[in-house]
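A.B. asks: Just dropping this structure here.
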Amino acid sequence: MSAAMRRAILALTVLSLAPACKAKKLEADLKLVQSELQDTERQLAEAKRANTELTSSNQTYSERITQLEAELAGVNQQLETLAEKQGVTMKELSELRADKAKREAELADFRKVFDGLKKLTAAGKIEVGFRKGRLVVKLPNAILFDSGKSKLRPEGVNVVGQLVTALLSVGKRDFLVAGHTDNVPIKTARYKSNWELSTARAIEMVKTMIEAGYPPAQIGAAGYAEFDPVANNDDDNGKETNRRIEIILMPRLGAIPGMQEMLQGK
């Protein structure tokens, strides 16, 4: 397959990822171009086959092949022109394609997490959901820590071991372990506030996860005290819900288009 043909096919593939609002407008034109491309490819294949079988006419068929390749290049130019007319550049379409691939990879990782945690979820030991656009594994404080303490209970250590096995199946992904408390103030010799307590619990979780085999370079700890509640702190049930550990799958940000230019003042 010639370079021109490959570029034409690539262009068609990229154009198929155009935004929905523009895809309908492009569809009719693309069908026509695709038909022309198929006809041209068929003629090219026939010319090459005839060129092999009839060596005496080699120069004639060689010229025809050159002509057809030029026509393919023209089709590719038509596609680019068509995209420009619709206000979508080839660069933008390429970025859309990359974004689609990234989202597909993210979805695949979400599915791996869900599949790996089914047993723990069914047993009621953890919850898996989304908060602020991120996948979150929530562990209730009741199975992890005693009141006012940051040492994991034996049941909590067992759950963490099972959790690590599931998270490792996702591959090389970063997780943030976040500690949360209710709004009841704490002030002891060891913990001056809920900031210290929530952070200490997150760190204890991270250390236990590392001991269970999770790579230390792919995990971090943070304490949020009482300032990121998921329930109302006006009653005991709400307070119990807010006392928790969350393990957050960090997104793959990648390069942000235009960021480097912005930092350079362009």
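The values are calculated or read from the model by the stated rules, or taken from the named source; none is laboratory data. As the structure is a prediction and not an experimental result, all values here were calculated from the model. Because the Cβ atoms are built from the backbone with ideal geometry, glycine has one as well, and the counts that use them run over all protein chains shown.
A.B. asks: So is SER169 hydroxyl-bearing (Ser, Thr, Tyr), at pLDDT 95 or above and more than 18 Å from GLY124 (Cα to Cα) or not?
C.D. replies: Judged against the criteria, SER169 is not a match.
A.B. asks: Could you grab me the full set of residues in the stretch 156-190 that are in contact with a helix residue (DSSP H, G or I) (Cβ under 8 Å, 6 or more places away or on another chain), in a loop (DSSP other than H, G, I, E, B) and among the hydroxyl-bearing types (Ser, Thr, Tyr)?
C.D. replies: Across the stretch 156-190, the qualifying residues are SER169, THR181.
A.B. asks: Being of a type outside the set (D, E, K, R) and more than 21 Å from THR199 (Cβ to Cβ) is the filter here, so list the residues in the stretch 127-145 that pass it. Don't jump to the end; show me each part of the working.
C.D. replies: Initially, the stretch 127-145 is screened for residues of a type outside the set (D, E, K, R), giving 128-130, 133, 135-137, 139-145.
Scanning the stretch 127-145 gives VAL128, GLY129, PHE130, GLY133, LEU135.
A.B. asks: Condition first: outside any helix (DSSP H, G or I) and over 16 Å from VAL170 (Cβ atoms). Now tell me which residues in the stretch 110-132 satisfy that.
C.D. replies: Of everything in the stretch 110-132, those that are outside any helix (DSSP H, G or I) and over 16 Å from VAL170 (Cβ atoms) turn out to be ALA123, GLY124, LYS125, GLU127, GLY129, ARG131, LYS132.
A.B. asks: A further question on this structure: Can you tell me which residue among ALA189, ALA166 is of a type in the set (Gly, Ala, Ser) and more than 30 Å from ARG252 (Cα to Cα)? Write out each step before concluding.
C.D. replies: Working: ALA166 fails: more than 30 Å from ARG252 (Cα to Cα).
Unique residue meeting the criteria: ALA189.
A.B. asks: So which pairs qualify, if the first residue must be in the stretch 146-162 and free of Cβ contacts under 8 Å to residues at least 24 places away in the same chain, the second must be of a type in the set (Lys, Arg), the Cβ gap must be under 8 Å, and the two must be at least 6 apart or on different chains?
C.D. replies: ASP146/ARG153
A.B. asks: Could we say that THR121 is among the β-branched types (Val, Ile, Thr) and either more than 28 Å from the chain's Cα centre (by Cα) or crowded, with 19+ Cβ neighbours inside 10 Å (or both) here?
C.D. replies: Taking the combined requirement at face value, the residue does not satisfy it.
A.B. asks: So how many residues does the stretch 144-188 have that are of a type in the set (Val, Ile, Thr) and within 20 Å of the chain's Cα centre (by Cα)?
C.D. replies: Residues meeting the conditions: 2.
A.B. asks: Tally up the residues in the stretch 216-252 that are within 17 Å of VAL137 (Cβ to Cβ), assigned to a loop (DSSP other than H, G, I, E, B) and not basic (Lys, Arg), please.
C.D. replies: Qualifying residue count for the region: 5.
A.B. asks: Looking at ILE143, ILE186, ILE126, which is the one that is in the same structural domain as ASN242 (by TED's automatic domain parsing), without any contact (Cβ under 8 Å) to a residue 40 or more places away in the chain, of a type outside the set (D, E, K, R) and farther than 13 Å from ILE245 by Cβ?
C.D. replies: After ruling out the rest, the residue left standing is ILE186.
A.B. asks: Just to be sure before I move on: is GLY238 of a type outside the set (A, V, I, L, M) and under 26 Å from the mean Cα position of the chain (by Cα) in the structure I sent?
C.D. replies: The answer is no for GLY238.
A.B. asks: Continuing with the same structure: What is the number of the single condition among (1) without any contact (Cβ under 8 Å) to a residue 60 or more places away in the chain; (2) within 25 Å of VAL128 (Cβ to Cβ) that ARG173 does not meet?
C.D. replies: Condition (1) is where ARG173 drops out.
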